[in-house]
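The values are calculated or read from the model by the stated rules, or taken from the named source; none is laboratory data. Since this is a predicted model, take the numbers as computed values, not measurements. FYI the Cβ positions are ideal-geometry reconstructions off the backbone, even for glycines, and counts take in every protein chain you see. In case anyone asks, the SASA skips ligands and DNA or RNA and just uses the protein heavy atoms, side chains included. Shrake-Rupley method; radii C 1.70, N 1.55, O 1.52, S 1.80 Å.
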Amino acid sequence: MRLAALCVGGLGFACARPPPSSRFPTADDALARMRATYACSRGVVGESKVDYFRERSRVRGDLLYTAMLPEHVRFDVVSPFGAILSTLTSNGREFALYDPPHRDFLRGPANTCNLARFTQVPIPPFALVELLRGEAPVLVHEPSGARIDWGSGHYVVRVSGKYRAEQEIHLEPRPDDWSRPWTEQRVRVLEVRVEQAGYELYQVELAGHAAVRRAAPRVDPDGLGPDIPPSGPQCGAEVPMRLRMRVPDTDRDLLLQNREIYHNPPIVSGTFEQTPPKGVRSRYSPCPAEVSHARPE
């Protein structure tokens, strides 16, 4: 009991050891438990501090975001003075990025390349939604293409995918599940790395995990319209309060520090679409897609 308490307390005496009598037998078992941990979450709505580099300048501000499965995203970056710096929307088909200070509107297919115009890190839209929810995206792979090891206090799942893609997913059981059978354990995702043909595409570090609630219904303050219910069931899955997404050995780096976040928010029609306002310059970006990730069946 004393060693378990020290491990949970972060002192590291027992943390280097795998869970007692409850290790995941295979990589697929670990990935299945990860998916089960986050099965109740259809998406998240959050407010965070954002810090990233864009077009050779550093951008800091507040970020309001909504991310819904399978690949619906909206980001609104607000300056410390309350001005909208940029708005990104992606609905799985169409991408739009509006830059109000420069009266610039960019549109194109909703894919990795276009999304990286905002995030600077080449993470596919589906993978970004997964990560914001706390779950790791998994490369498409054959059943024999995944293996699992234990080291440095957590599991490391290595996946060999298509198109010479490789992935590492670092997982650990939640502290209160440490002594449970592996079939009952909930897991945290600590880190995700993806490379292709020997080049590391991105690395994501997830930290400060905390259990959060489902969002409340959206109520019309004037009582003129019906309430909009949450988009999914009750959900108390943990989410990372800090995410760092980066391309190693470059200045492409995005840091999110969540202040508030909820599962399964109500979704207003038009949340994930934009049309160019009058008087702005509209351009088309036919970016190609990149790494293929697994999709839910």
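Could you work out the Rg to Rh ratio of segment 200-297, with Rh taken as the Kirkwood radius (inverse of the mean 1/r over all Cα pairs)?
Working: Rg = 18.6 Å, Rh = 17.7 Å.
Radius of gyration relative to Kirkwood radius: 1.05.
For segment 28-168, rounded, prolate or oblate, judged on the Cα gyration tensor with a ≥ b ≥ c (square roots of eigenvalues), a/c < 1.5 rounded, else prolate if a/b > b/c? If you can, show how the numbers build up before the last one.
Values: a/c = 2.15, a/b = 1.93, b/c = 1.11.
Cα axes put segment 28-168 in the prolate bin.
Express the accessible area of the chain per residue in Å², computed with a 1.4 Å probe while the remaining protein chains stay in the model. If you can, show how the numbers build up before the last one.
Working: 14620 Å² over 297 residues.
Per-residue value: 49 Å².
Just need the relative contact order of the chain here, percent rounded to a whole number, with Cα pairs under 8 Å and 6+ apart.
Values: 698 pairs, mean separation 65.8, N = 297.
Value for the chain: 22 percent.
With a ≥ b ≥ c the root eigenvalues of the C-alpha gyration tensor of segment 77-129, is it rounded (a/c under 1.5), prolate (a/b larger than b/c) or oblate?
It is prolate, given that a/c is not under 1.5 and a/b is the larger ratio.
Expressed as a whole number of Å, what is the distance separating the alpha-carbon centroids of segment 72-96 and segment 208-233?
Segment 208-233 and segment 72-96 have Cα centres spaced 20 Å from each other.
Suppose each label sits 7 Å from its Cα in the direction of the beta carbon; what would the residue 163-residue 17 distance come out to in nanometres?
With each label point 7 Å from Cα toward Cβ, the separation is 4.4 nm.
Can you bin segment 89-218 into rounded, prolate or oblate? Criterion: square roots of the alpha carbon gyration tensor eigenvalues sorted a ≥ b ≥ c, rounded for a/c under 1.5, prolate for a/b above b/c, oblate for the rest. Working shown, then result.
Details: a/c = 2.49, a/b = 1.44, b/c = 1.73.
It comes out oblate by the Cα gyration axes.
Stretched out fully, how many nm does the piece from residue 94 to residue 29 gain, at 0.36 nm a residue minus the Cα gap? Write down the numbers at each step before the final one.
On the way: separation 65, 0.36 × 65 = 23.40 nm, distance 3.51 nm.
The residue 94-residue 29 span can extend by a further 19.9 nm.
Once phi is turned into θ = phi - 60°, what whole-Hz ³J(HN,Hα) does the Karplus curve with 6.51, -1.76 and 1.60 give for every residue of segment 202-215, x standing for Gly and Pro?
Karplus values, whole Hz, x for Gly and Pro: 6, 9, 10, 10, 10, 8, x, 4, 8, 6, 10, 9, 6, 5.
Starting with the highest mean, order 78-88, 245-255 by the number of other Cβ atoms within 10 Å, averaged over the residues of each peptide.
On the way: 78-88: 14.5, 245-255: 16.4.
Listed from highest to lowest mean packing, they are 245-255, 78-88.
Please list, short to long, the whole-number percent of alpha-carbon pairs of the chain in consecutive 5 angstrom bins beginning at zero.
1, 5, 11, 15, 17, 17, 13, 9, 6, 3, 2, 1, 0, 0
Would you mind checking which residues have amide H under 5 Å from residue 72's amide H? H placed 1.01 Å from N; only 5 or more apart, or other chain.
none
Using the Kirkwood radius over Cα pairs, work out the Stokes-Einstein diffusion coefficient for segment 30-110 at 25 °C and 0.890 mPa s, in µm²/s as a whole number. Don't jump to the answer; show the numbers that get you there.
On the way: Rh = 14.3 Å.
Using the Kirkwood radius from Cα pairs, D works out to 172 µm²/s.
Please report, as a whole percent, how much of the solvent-accessible surface of the chain comes from carbon and sulfur atoms (probe radius 1.4 Å).
Numbers: 7480 of 14620 Å².
Ligands and nucleic acids excluded, carbon and sulfur reach 51 percent.
List the residues whose amide H sits under 5 Å from the amide H of residue 188, counting only those 5 or more places along or on another chain, with H placed 1.01 Å from N in the peptide plane.
Hits under the 5 Å cutoff: 172, 174.
Distance from a point 7 Å along Cα→Cβ of residue 49 to each backbone N in segment 245-267: keep the residues under 11 Å and list them by number.
256-259
Once both axes come from the Cα atoms, what is the angle between helix 27-37 and the longest principal axis of the chain, in degrees from 0 to 90, rounded to 10?
60
Using just the helices of the chain, give the 222 nm mean residue ellipticity in deg cm²/dmol: DSSP H runs with n ≥ 4 each add -39,500 (n - 2.57), and the total is spread over all residues, rounded to 500. Mind dumping the intermediate values first?
Numbers: 4 runs with 35 residues, N = 297.
Dividing the helical sum by the residues of the chain leaves -3500 deg cm²/dmol.
Along the Cα→Cβ direction, 7 angstrom out, place labels at residue 149 and residue 104. What is the inter-label distance in nm?
4.4
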